[in-house]
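Okay, structure first, notes after.
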Amino acid sequence: MKKILVASHGELADGVKSSLSILVGNTNSMSFINAYVTKEDIDESLNTFFQAFLRMMRRSSLPICLAAVSIRK
C-alpha cells in the first residue's frame, strides 16, 4: 500500500488535493496537512501521520521515500 503525505504552509495542500481529485480521482491513500492556518499544532498532526505510517510499514516491505521542499522568499 502506498501512503503519500502532502504538507504545506497555508492552504496549498488542499489545493493539491483538489487538483489530484480531478486528475486521478480517489485520494484515499493520501493525507493532506495545511500548516499554520489554524491554531492546531502542526507537530501533533505530523506525529499522528507518521505513527500510522510506521504501523503500516511494519506490515509491509515497501521502500520509503521522503522528500522535503522549502521555498523562502
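Every number here is computed from the coordinates shown, using simple stated rules; none is lab data. All values derive from a computational prediction rather than experimental measurement. Heads up, the Cβs are rebuilt from the backbone with ideal geometry, glycines too, and the neighbour counts pull from every protein chain shown.
Descriptive notes on the structure:
- For V37, distant residues with modelled amide H under 5 Å away: G10
- Comparing L23, N47, L5 along the charge dipole axis of the stretch 1-48, the residue lying farthest to the positive side is L23, per the Cβ-charge model.
- Shape of the stretch 4-58, Cα gyration tensor, a/c cut at 1.5: oblate
- Other residues within the sphere of radius under 15 Å centred on the Cβ of V6, judged by their own Cβ, net out at +1 (K and R +1, D and E -1).
- Summing Lys and Arg as +1 and Asp and Glu as -1 over all other residues whose Cβ lies under 9 Å from the Cβ of S29 gives a net charge of +2.
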